[in-house]
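Please read the structure below before turning to the comments.
The values are calculated or read from the model by the stated rules, or taken from the named source; none is laboratory data. Predicted model only: the values in this text are computed from it and were never measured. Heads up, the Cβs are rebuilt from the backbone with ideal geometry, glycines too, and the neighbour counts pull from every protein chain shown.
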Amino acid sequence: MFLRKIAVEFQGAGPPQPAPLKWLDSFAMRSFTNDPAFDDTLPVEDGRMEIGARVPLERLRLAMEDWFHRKGCLGKHAKLLVREI
């Protein structure tokens, strides 16, 4: 089910840093009840997730970035970087 491995990092003023597992868990648990497009997401460690083949990567990035901004995890100008590895 989780065929793809992705890196999730955030970038503020300095170099990119791995998104903490706590943030990824928060997003994944919220998504199980609110958006079925992201049901196939599994946080595995800081900065790493495994996702299903049907999870749209750019849509995932936008949704996670929005969630992290609303929860105060990301600073106002920080960006989220998501890529397959």
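Set side by side, the residues E45, E84 differ, and just one is surrounded by fewer than 14 Cβ atoms within 10 Å (Cβ to Cβ), farther than 13 Å from F2 by Cα and either among the acidic types (D, E) or touching a residue at least 40 places away in the same chain (Cβ under 8 Å) (or both), which is E45. Being surrounded by 13 or more Cβ atoms within 10 Å (Cβ to Cβ) and among the charged types (D, E, K, R) is the filter here; which residues of region 51-76 pass it? Those that are surrounded by 13 or more Cβ atoms within 10 Å (Cβ to Cβ) and among the charged types (D, E, K, R): R61, E65, D66. Name the single residue, out of those in region 35-80 being more than 12 Å from the chain's Cα centre (by Cα) and among the basic types (K, R), that is farthest from G14 (Cα to Cα). The residue in question is R54. When restricted to residues that are under 20 Å from L3 (Cβ atoms) and at pLDDT below 90, region 54-78 contains 1. In region 13-56, how many residues are under 19 Å from L81 (Cβ atoms), in a loop (DSSP other than H, G, I, E, B) and not acidic (D, E)? Looking only at that region, the number is 9. Among residues of region 61-72 that are touching a residue at least 12 places away in the same chain (Cβ under 8 Å), those with a Cβ under 7 angstrom from a residue that is small (G, A, S), sequence gap 6+ or separate chain, pair up as K71/S26.
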